[in-house]
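J.: Starting off with a structure, shown below.
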Amino acid sequence: MSDLVHRTPGWSLPQAAYTDPDVFAADLEHVFAAHWLFAGHTGELDAPGRFLTVDVGRDRVIVVRGEGGALHAHHDVCAHRGSRVAPDVRGQVRAFVCPYHQWVYDLDGTLRSARLMGDCFATRSYRLAPVAVRESAGLVFVCLADAPPDFDAFAAALEPRLGPHGLADAHVVVRERYRVAANWKTLVENNRECYHCAGSHPEFSLSNFDVGVNGDVRTNPRYDRALAAARARWRAQGLPGEDVNFPDGAPYRVARLPLREGFLSETLDGRPLAAPMGTLTDPDVGSLRVISLPNLWAHANADYAVTTRLTPVDAGTTDVELCFLTARDATVDPDALAAVWRATSEQDWELCERNGAGIASRGYRPGPLSPVVEASVEAVLDWYVSALARPARRAA
Ligand code: FES
Ligand SMILES: [Fe+2]
């Protein structure tokens with residue numbers, strides 16, 4: 001697969017990486033089916049039978065809370081003749097009843113009953129095929145690989161840093177869905193640099209410095225002073241002072257960044273919308289950034305969190321789901337809650353669509369990445385090309 005994409009270090013990818021259906025198929029197999037994918041939030045799966053679904057190319061995974069509280073994930077494929085069984089993209093069921101011939105599955109995926117299959121039919125020999133699922137600090141992940149990569153080290157980074165934000169008890173207040181006309185890698189590249197922030201994100205730039213992105217080598221004494229002072233305050237609150245940045249090439253980052261002076265949250269005026277979530281006691285916790293490649297980035301402020309989930313549709317199309325979460329007992333104005341990140345995300349999608357259109361045209365050639373502010377893009381492209389070169393983690 002590595003010969004599908006020839007990359008020159010320091011340069012953007014060749015056109016085919018963003019437009020060729022064969023590369024897109026390889027992306028699904030070697031990247032999306034081989035890694036842990038963000039599925040949704042613990043708070044969406046807070047009672048037996050509550051489920052959500054994740055699409056990965058031709059695959060759909062159902063994630064459901066079981067009767068005993070365990071989380072289960074199944075391929076959404078009936079063991080009879082293969083119909084989809086989930087009644088919707090999310091919801092709550094007592095059992096999954098296949099709409100075709102009404103085979104009935106328990107929440108743990110075992111077949112409970114199958115009508116008109118004869119006296120000798122071994123009902124309990126059939127089930128929805130299981131998929132690996134993990135839950136950490138209120139975030140739920142699935143992996144389609146037969147032998148999933150390690151999850152524990154990511155959870156060990158996530159739990160002490162994101163755990164205090166109480167996402168496991170949070171609920172989704174605002175959900176926005178977008179269909180973006182650009183390859184999924186264009187969205188990830190855009191997320192991994194803040195070269196464009198000052199020029200494109202007025203709301204984001206109110207509360208955020210445009211440095212601090214992993215791979216940005218600019219020095220900024222004001223930022224360095226703010227970071228050192230903030231880390232001392234965070235340590236005093238019991239929050240880990242050290243960030244985790246793609247350790248040994250692993251596809252995740254968990255990093256707490258300071259906000260600009262006067263801002264206690266990524267809101268338009270810097271004021272928190274609600275009391276600190278979870279076990280946080282002080283609103284001054286900056287903004288915790290979580291990246292899990294290939295399909296999640298999230299910001300957790302003291303008062304709210306926002307997650308972004310990517311779902312590749314085809315080489316030139318990516319679906320995005322943006323969720324804003326608060327503590328269950330918080331009463332917030334949904335428009336105030338979404339103001340900064342809805343605007344920032346929509347600005348990003350416009351940038352990505354313009355980028356995608358240019359990449360797809362006959363005038364496109366790979367261009368040089370900035371060694372000053374785009375080392376993070378270089379790193380993510382290296383990671384991507386390495387992932388393509390690894391054998392698939394399951395039979396095609
Ligand atoms: S395909 Fe599901 S019951 Fe027949
Ligand atoms: Fe952006």
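The values are calculated or read from the model by the stated rules, or taken from the named source; none is laboratory data. Owing to the predicted nature of the structure, the values given are computational and were not obtained by experimental measurement. In this analysis, Cβ positions are derived from the backbone assuming ideal geometry, glycine residues included, and neighbour counts consider all displayed protein chains.
J.: Does V211 fit the bill of being in a loop (DSSP other than H, G, I, E, B) and surrounded by 12 or more Cβ atoms within 10 Å (Cβ to Cβ)?
T.: Against the criterion (in a loop (DSSP other than H, G, I, E, B) and surrounded by 12 or more Cβ atoms within 10 Å (Cβ to Cβ)), V211 qualifies.
J.: Considering only region 343-396, state which residues are of a type in the set (D, E) and in contact (Cβ under 8 Å) with a residue 40 or more places away in the chain.
T.: E346, D348, E353, E374, E378, D382
J.: Pick from T331, T344: which is over 16 Å from the mean Cα position of the chain (by Cα), assigned to a helix (DSSP H, G or I) and hydroxyl-bearing (S, T, Y)?
T.: Checking each option against the conditions leaves just T344.
J.: Taking region 168-194 on its own, how many of its residues are hydroxyl-bearing (S, T, Y) and surrounded by fewer than 20 Cβ atoms within 10 Å (Cβ to Cβ)?
T.: Qualifying residue count, region 168-194: 1.
J.: I'd like the full set of residues that are more than 16 Å from ligand 1 (Cβ to nearest atom) and among the polar types (S, T, N, Q), limited to region 65-94.
T.: Of everything in region 65-94, just one residue is more than 16 Å from ligand 1 (Cβ to nearest atom) and among the polar types (S, T, N, Q), namely Q92.
J.: What are the pairs with Cβ atoms under 8 angstrom where one residue, in region 184-198, is modelled with pLDDT under 95 and the other, located anywhere, is within 9 Å of ligand 2 (Cβ to nearest atom)? Sequence gap at least six, or different chains.
T.: H196/N190; H196/L351; C197/F204
J.: Can you name the number of the only condition in (1) under 20 Å from the mean Cα position of the chain (by Cα); (2) within 24 Å of H201 (Cβ to Cβ); (3) among the hydrophobic types (A, V, I, L, M, F, W, C) that A250 fails?
T.: So the condition that A250 fails would be (2).
J.: Where residues in region 323-350 are touching a helix residue (DSSP H, G or I) at 6+ places or on another chain (Cβ under 6 Å) and within 13 Å of ligand 2 (Cβ to nearest atom), which of them is nearest to N183 (Cα to Cα)?
T.: By that ranking, first place goes to D348.
J.: So, one more: From the list N295, N245, N301, pick out the single residue that is within 24 Å of H41 (Cα to Cα) and surrounded by fewer than 19 Cβ atoms within 10 Å (Cβ to Cβ).
T.: N245
J.: I'd like the residue in region 215-247 that is assigned to a helix (DSSP H, G or I) and of a type in the set (F, W, Y) and, out of all such residues, is modelled with the highest pLDDT.
T.: The qualifying residue modelled with the highest pLDDT is W234.
J.: Restricting region 107-127 to residues that are of a type in the set (D, E, K, R) and either without any contact (Cβ under 8 Å) to a residue 12 or more places away in the chain or within 11 Å of H80 (Cβ to Cβ) (or both), which is farthest from ligand 2 (Cβ to nearest atom)?
T.: The qualifying residue farthest from ligand 2 (Cβ to nearest atom) is D119.
J.: I'd like to know if region 250-259 contains one or more residues that are part of a strand (DSSP E or B), modelled with pLDDT under 95, within 16 Å of ligand 2 (Cβ to nearest atom) and closer than 29 Å to A336 by Cβ.
T.: Yes: region 250-259 contains one or more residues that are part of a strand (DSSP E or B), modelled with pLDDT under 95, within 16 Å of ligand 2 (Cβ to nearest atom) and closer than 29 Å to A336 by Cβ.
J.: Further question on the same structure: Against the conditions (1) under 24 Å from G138 (Cβ atoms); (2) in contact with an Asp or Glu (Cβ under 9 Å, 6 or more places away or on another chain); (3) within 16 Å of ligand 1 (Cβ to nearest atom), where does R112 fall short? Just the number, please.
T.: Result: R112 passes all but (1).
J.: Going residue by residue through region 138-147, is there one that turns out to be touching a residue at least 12 places away in the same chain (Cβ under 8 Å), more than 21 Å from H30 (Cβ to Cβ) and part of a loop (DSSP other than H, G, I, E, B)?
T.: Yes, that holds for at least one residue.
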